[in-house]
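S.K.: A single structure is presented below for examination.
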Amino acid sequence: MIIKTEEKNGVKVYTVGKEFDNAKMATKLSKYIKPEQIHKIIDHDADVYTEEGRLLLRFRKNALTDKNIDIFYDNVNVFARNVSGLRGSASGGKHKTLGSIKQVMSNIFGYFDKWSPSHKLIFKKLGKKPGVNVRECRFNQDHPEEYKKAIPLIQEIDALYAKLTPEQYKAQRKKANQTFFKIPNTSFTTVTTNINYQTSIHTDKGDDDEGFGNLAVIERGEYTGGETCFPQYGIGVDVRNGDILFMDVHQPHANLPIHKKTKETVRLSIVCYLRRNVWLNSRNKTKKFYDSHVKMMRNMRTTQKKR
């Protein structure tokens, strides 16, 4: 619900209020939203504040460079198409008819704080388990050249983060500076990619509680929908190719259905963040420790593959 609209330096500034209380909001978590539930879609440069004066989101059109977008897509696209069933509440829970977890094209790279099933199997067979619960994701481990080529876009997002939401950035970067388990020269440890994925209403778990979330989109082909929405406030943002959205991801959010105009259409969304447990588990570890840990994990995996 929009309470007030202003304009400052060519940017629309909205003040919004809740359309229903937190108790009702809690009943909507893990459910999908429909277009009629959202009363305002923002498709222009805008800042949105709650009536308490808290920044809810900051959106800028065409903020990312085409070169970095294209390089990122060319090197990440194949990996991003891997299918996962590990998105929990963001995927709307379980299928009512099949009783199985919904499979989506949602993947991560960078560093993570949970062992995969394959890692657990390797630990069991080798009788080993690393002392620190942090691991490289498969993309940067198996495709190091593609990973390196994806980094400039992540660094560009990081620079915009520092410029547009400096207070939140400063708190997050302070933590990132305390670990070597991160995307080089950024405040992020981890990146999630999603292809043509409609999330249900959720709040982000495991990321830095002092930082801000972000969303960038790469498009190939045409589609409608997919707007990122805050249902409790009745507003959404139409994030398109090259745009950047910084937002309070600890507020319930989701995106609207994506309607592809062709079978080949791709909406690749990119979310960069600092995983709190990666930082907690690895802060103040030395570069020597980082190198040793990464080498050990890679050797364990290579040994297992040869068996």
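Throughout, read-outs are computed from the coordinates displayed, never taken from laboratory work. Everything numeric here is computed off the predicted structure, so don't read it as measured data. Don't worry about glycine lacking a Cβ; one is built from the backbone with ideal geometry, like all the others, and counts go over all protein chains shown.
S.K.: If one computes the Cα centroid of the range 1-39 and of the range 134-181, what distance in Å separates the two points?
M.R.: 29
S.K.: Something else about it: Please determine, in degrees from 0 to 90 and to the nearest 10, the orientation of helix 117-126 with respect to the longest principal axis defined by the Cα atoms of the chain, where the helix direction is its Cα long axis.
M.R.: 20
S.K.: Pairs Lys4/Lys34; Lys18/Lys170; Lys124/Lys288; Lys149/Lys182; Lys182/Lys288: which exceed 18 Å Cα-Cα?
M.R.: Checking Cα-Cα distances, Lys4/Lys34; Lys18/Lys170; Lys124/Lys288 exceed 18 Å.
S.K.: Could you go through the range 217-228 in sequence order and give the Karplus-derived ³J(HN,Hα) for each residue, using 6.51 cos²θ - 1.76 cosθ + 1.60 with θ = phi - 60°, rounded to whole Hz, and x for Gly and Pro?
M.R.: 10, 10, 10, 9, x, 10, 7, 10, x, x, 4, 8
S.K.: Of the residues Gly206, Gly131, Gly226, which exhibits the maximal mean-square fluctuation in a Gaussian network model of the chain defined by a 10 Å Cα contact cut-off?
M.R.: Fluctuation is largest for Gly131.
S.K.: When the chain is treated as a GNM, springs tying every alpha-carbon pair under 10 Å, which of Ser84, Ser106, Ser30 comes out with the largest mean-square fluctuation?
M.R.: Ser84
S.K.: Along the charge dipole of the chain, Cβ charges K/R +1 and D/E -1, which of Asn214, Asn62, Thr190 sits furthest on the positive end?
M.R.: Value computed over the given set: Thr190.
S.K.: Only four residue types carry charge here, +1 at the Cβ of Lys and Arg and -1 at the Cβ of Asp and Glu. Report the dipole size of the chain about the Cα centre in Debye, rounded to the nearest 20.
M.R.: The dipole of the chain has a size of about 2100 debye.
S.K.: Just Arg54, Arg283, Arg267 to compare: in a GNM of the chain, with alpha carbon springs under 10 Å, which one fluctuates most?
M.R.: It is Arg54.
S.K.: Mind checking the angle between helix 66-80 and the chain's longest principal axis? C-alpha axes, 0 to 90 degrees, to the nearest 10.
M.R.: Tilt relative to the chain: about 60 degrees.
S.K.: Could you tell me how many degrees, from 0 to 90 and to the nearest 10, lie between the Cα long axis of helix 166-176 and the main elongation axis, the longest principal axis, of the Cα atoms of the chain?
M.R.: 10
S.K.: Would you be so kind as to identify which of Thr265, Leu245, Leu164 lies farthest towards the positive end of the dipole of the range 155-266, taking Lys and Arg as +1 and Asp and Glu as -1 on Cβ and the Cα centre as origin?
M.R.: Thr265
S.K.: Which percentage, to the nearest 5, of the DSSP beta bridges contained in the chain is antiparallel?
M.R.: If we restrict to bridges inside the chain, about 85 percent are antiparallel.
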